[in-house]
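Everything on this sheet refers to the single structure shown next.
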C-alpha cells in the first residue's frame, strides 16, 4: 500500500485540506443561518445553489482544462473558492449567500475534476482500485475532521469562515508543487436520460433519489439540528455521524454486493435507511438515539449510491461507460438540487422533524422500486456481475467512468485467473445489455 501511495500522497494531503475547508463551510451555513434567523426554506435555496453550481462545474471544467490546462484551472478555481468563503461573512443575506454558494459549488466541482484527473492519471491498472479507495478515504476523513474544527470558534463571527478559506488555500501547495500537467480532459457527451433510464431504470432512478438524500443530509442536516435547539458541539457531532457511518459501513456492504443479488441488497439497504430515518423522527428528543439514527442512515447512503453505480455498470457495454457516467452524474445533480428545496419547504410548513420524513420517503421510494424491478427480470448471476464500485456521491464523471472500467477489468481478470472458460452467445449478451435492469 505504501508503494501505491508514494505517487499520490501530495494529492491526497491536498484533498484532505480541501475537504476540511469545504466540510466546515457546509455546516457553518446551517449554524450561522440559524443565528441570523434564516428560515429552513431560505437555507434550502442556499443549499440547492451549491449543487446547481456543482452540476454546472462538472460540465464546464473539462472545457476550461482543454483551453488552459489543469494547473491554471485548479489554481483559479481554488482562488475564487477561497475568496467566496470569506465573502460569505461580508453580507449575510439569503440571496447573496445563494449566489456565493453557486460559485463555491462551481469551484468545488472543478477542483474535484482537476484533482481526480491527476489521481486517475497517476494510477495504473494494477493499483487503480487502491488509489481510488485511498482518495475516497481522504475525502471522508476530511469532512469528518472539519466538524471537529468547528468547535474551535464561534459560528457567529467571521473566524471559522476565514479558517475554512485558509485551509482551502493551503491545500493548493502540496498539489501544485508536486504534480505535473496531464493531458487535457476529454469531453464526453452525457448519455440522454431517456436512453440511460431505458438501459438501467433502477440505477438511474436510484441515483436520482440518492442525489436527493445526500444533499438533504449534507446540506440540511445542520439546519435541522440548529432548529431543534442543538448546541454547536451537538450539531457538529450529528454531521460527523452522517459521514462516519458511511466510512464504516462501506466495506461490509461492498463485500455483500459482490456475493448476492444487488437488487435485493438495494431493497434491503433502502428499507433500512427508511427505518433509521423514522427512528430519528420518532426518537428525536433523545439525543443519543438521534446520533445513532444519523450514523445508520448516513451509513447506508454512500454505499447505496456506490451499489447503484455497480448495478448500473452490470448492464452497460464498456463503450457506453463514458457517456453513462456523465448521465449518472447529471441525474444525481438534479436530485441534489431538488432534494433540499422539498425538504426546506416541508420543514417550514410542518416542523424541523420533516427533515427525517422526507429522507424516509425517498428511501422508501427506492426500496419499493427495487422490489418492483425484481419482478420484471430474473437476477443476474453473481459470477457475471462486475466488482463493487467504491466511489463517493461527489465523484466526477471521470472517476465514475474510471471506477466502472476498473470494476469490469477486475471481473474479467478474476475469470481469467480462475481458469474457467466462459462461453457467451454474442447476440444474447447484446440483448441482455440492451435490456432494462
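Here, each number is a calculation from the coordinates, and none is a lab measurement. Everything numeric in this text was worked out from a predicted model, so none of it was measured. Here the Cβ positions follow ideal geometry from the backbone for every residue, glycine too, while neighbour counts run over all protein chains shown.
Of all alpha-carbon pairs in the range 233-372, indicate the percentage at a distance above 21 angstrom.
Of the Cα pairs, 47 percent sit more than 21 Å apart.
With no solvent and one point on each alpha carbon, what is the Debye value of log10 I(q)/I(0) for the chain at q = 0.06, 0.07, 0.11, 0.12 Å⁻¹?
Values, matching the q order: -0.23, -0.32, -0.80, -0.96.
For 20, 359, which order do you get if you count the other beta carbons within 10 Å of each Cβ and list the fewest first? Don't jump to the answer; show the numbers that get you there.
Working: 20 26, 359 29.
Taking fewest neighbouring Cβ atoms as first place, the list is 20, 359.
Under a point spin-label approximation (7 Å from Cα along Cα-to-Cβ), what is the residue 83-residue 162 distance to one decimal in nm?
1.9
What is the fewest-to-most order of 288, 315, 356, 9 by other Cβ atoms lying within 10 Å of their Cβ?
Values: 288 8, 315 22, 356 25, 9 15.
Sorted ascending by nearby Cβ count, the order is 288, 9, 315, 356.
Kirkwood hydrodynamic radius for the range 107-156: how many Å is it when counted over pairs of different Cα atoms?
12.7
Take peptides 191-197, 267-273, 113-119 and line them up by average Cβ neighbours within 10 Å, highest first, as a rough protection proxy.
On the way: 191-197: 16.6, 267-273: 21.7, 113-119: 25.0.
Those peptides, ordered most packed to least, come out 113-119, 267-273, 191-197.
Fewest to most neighbouring Cβ within 10 Å: what's the order for 152, 341, 11?
Taking fewest neighbouring Cβ atoms as first place, the list is 152, 341, 11.
Helix 321-349: angle to the longest alpha-carbon principal axis of the chain, degrees 0 to 90, nearest 10?
40
Compute the helix-to-body angle for 354-374: its Cα long axis versus the longest principal axis of the chain, expressed 0 to 90° and rounded to tens.
10
Any idea what % of Cα-Cα pairs in the range 42-178 are farther than 25 Å?
Considering the range 42-178, 30 percent of its Cα-Cα pairs are separated by more than 25 Å.
Using Cα-Cα distances under 8 Å and only pairs 6 or more residues apart, what relative contact order does the chain have, in percent? Present the calculation step by step, with values, prior to reporting the outcome.
Values: 751 pairs, mean separation 107.9, N = 437.
Result for the chain is 25 percent.
Under a crude label model (7 Å from the Cα following the beta-carbon direction), how far is residue 91 from residue 36 in nanometres?
1.1
I'd like the FRET efficiency for residue 152 and residue 63, computed as 1/(1 + (r/R0)^6) with the beta carbon distance as r and R0 of 35 Å, rounded to 0.05.
0.35
For helix 397-417, report the angle its Cα long axis makes with the longest principal axis of the Cα atoms of the chain; keep it between 0 and 90° and round to the nearest 10°.
Approximately 40 degrees, to the nearest 10.
The range 248-313: percent of C-alpha pairs farther apart than 21 Å?
Tail of the P(r) past 21 Å holds 27 percent of the pairs.
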